[in-house]
Amino acid sequence: MGQALSLPLKLASTTVTFYRGFFHYLLGPGRHAPYLASSPSYLQPPSPSNDPPPTPPITQSSSSFTLPQFTSTPLFAQHARIHLYTLASEFYLYHRPHYRKPSYRRDLLDNLSNVAIPGTGLSLRHFVQTKFLAFTSVLFLYPAVSLLSSLSLWIQTRFASSISQEYAVRLLAPDDWFHYWRLNSRLAALHALLNHVPPGYDMENKWTFLKEGHARNEEGGMGIHFYKNATVDGDWIIQERISNGEWVAKHLPQNAPLSTFRVITASRGALDVEKTNCDGGCTVEDIRALSCVFRAGRANAATDHDSIMFDVDVSTGKILGGTTNAHWYKLGLWNILPGRCTWRSWDHEITHHPDGDIAITGEVVPDIRSMLRLVEESHWKMCPDVPLVGWDVVLSSSEELPICLLEVNLSCNFFRGSFDRQVYLDFCEEMIGNLQDMRLAADREGKKLK
């Protein structure tokens, strides 16, 4: 009974912390002072206690409800600071230029057009059409959805989860794929804007990526040939058809699409763009692969966007459990109806490909070190001045090019892959500290960022 009575107070406390932190970074001291110097006390971890540490270890990106006492850890407080700072930065960026679109608003609308709040069918695009609408959505809709999500989990776990702790995670330190994607996107947009769009951001242009990749990866890895039309300002990009390699094909059903691995890499060279681009201040050791996911395409799908996403251990190549985020892409109001769309999918519980009952979990990706080395070296050679890069990698049937880079994504998505959360958050916080210093310098000098 006591817990039930205290629940509204806990929810209210979390909501107040959210509002205080958001406005701290939007308009308050957090907007006008160095990042860590302005960190408020309520976004600091609680004082150490004699309680035993939570188990299992909290460095991995697994969902918070599997991590006891997570909201009392330094990692939670660090994640909350990063989340609230970058969420507030949306409104700084909103009408400013984006590295691939005329404005951040335009990029936001395009990216959210096919993403829905699970179980509603409502495109998130509708909630960011204007700056005011986006602002009111953050203030009112976001807490409401976070509360509904925590209640949904409580019911799904048959009342085993904590509503108050899950609400705190959803609102202050969200660990779902969507919020990691948006965090990475905000970091990329802010980094590109404040650094006057470093050359590496051109890699998201398919033609530039193919041309530069061919020039800088002479040993192969791009899987392309060059034709005269493309080199004299034509508009063709002609590639040989790439097919799944034998190892990949045996883990897929018939008529499955080309199925790729998504690898995320981080570059410390992006912390000091001028040094990296002027005197080669970045080495390949400054690039680190954070995560890897095998996107096992579904039968008769056109691409592996329709897939089961199997997490891969980057240290061993062992394939872990699979999951999906398809419920985030179900548009249309009929998805409100019971049974049409779930609020969430469980964490990596899939062990077999559902189209053919093909065992995948427990298998080992062949020579994963070569795959990771290729993307790390490519990040170093092609775009060391970009913080985070998502690489789509193919294990192909070609003997000449067994590992191919298909494309890059600079506002990248982990696709629910696991990663060392401490390493990732430390990198993000160091990056934000640098960007905030640059932002303050631009304010003092009255620079108009283009």
Could you tell me whether the stretch 370-390 includes any residue that is of a type outside the set (Asp, Glu), out of contact with any Ser or Thr (no Cβ under 9 Å at 6 or more places or on another chain), in a loop (DSSP other than H, G, I, E, B) and farther than 27 Å from residue 156 by Cα? no
Residues being closer than 15 Å to residue 385 by Cβ and out of contact with any strand residue (DSSP E or B) (no Cβ under 9 Å at 6 or more places or on another chain): count how many of those fall in the stretch 178-190. 2
How many residues, within the stretch 127-151, are out of contact with any Leu (no Cβ under 8 Å at 6 or more places or on another chain) and farther than 21 Å from residue 177 by Cβ? 8
Can you find a residue that is surrounded by 12 or more Cβ atoms within 10 Å (Cβ to Cβ) and either modelled with pLDDT under 90 or over 27 Å from residue 160 (Cα atoms) (or both) anywhere in the stretch 45-56? yes
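Those residues that are of a type in the set (Gly, Ala, Ser) and over 19 Å from the mean Cα position of the chain (by Cα), I need them from the stretch 267-282; list them, please.
Within the stretch 267-282, 269, 280, 281 meet the criteria.
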Would you check which residues across the stretch 403-436 are closer than 19 Å to residue 371 by Cα, among the polar types (S, T, N, Q) and buried (at least 21 other Cβ atoms within 10 Å of the Cβ) and list them? 418
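Here's the yes/no breakdown for (1) modelled with pLDDT under 95; (2) surrounded by fewer than 19 Cβ atoms within 10 Å (Cβ to Cβ); (3) in a helix (DSSP H, G or I); (4) polar (S, T, N, Q):
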residue	(1), (2), (3), (4)
71	yes, no, yes, yes
80	no, no, yes, no
83	no, no, yes, no
89	no, no, yes, yes
98	no, no, no, no
109	no, yes, yes, no
120	yes, yes, no, yes
Quick one: which of 144, 192 is hydrophobic (A, V, I, L, M, F, W, C), in a helix (DSSP H, G or I) and either buried (at least 19 other Cβ atoms within 10 Å of the Cβ) or outside the structural domain of residue 76 (by TED's automatic domain parsing) (or both)? 192
Top-ranked residue in the stretch 1-35 [being outside any helix (DSSP H, G or I) and farther than 18 Å from residue 136 by Cβ; ranked as modelled with the lowest pLDDT]: 1
Given the criteria without any contact (Cβ under 8 Å) to a residue 60 or more places away in the chain and either in the same structural domain as residue 368 (by TED's automatic domain parsing) or closer than 25 Å to residue 389 by Cβ (or both), does residue 305 qualify? yes
Quick one: is residue 385 within 17 Å of the chain's Cα centre (by Cα) and charged (D, E, K, R)? no
Count - residues of the stretch 274-298 that are touching a Pro at 6+ places or on another chain (Cβ under 7 Å) and small (Gly, Ala, Ser): 1
Looking across the stretch 122-141 at residues that are more than 20 Å from residue 337 (Cβ to Cβ) and assigned to a loop (DSSP other than H, G, I, E, B), the single one that is nearest to the chain's Cα centre (by Cα) is 129
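The values are calculated or read from the model by the stated rules, or taken from the named source; none is laboratory data. Given the structure is predicted, the values throughout are model-derived calculations rather than measurements. Note that each Cβ is placed from the backbone with ideal geometry, even for glycine, and that neighbours are counted across all protein chains shown.
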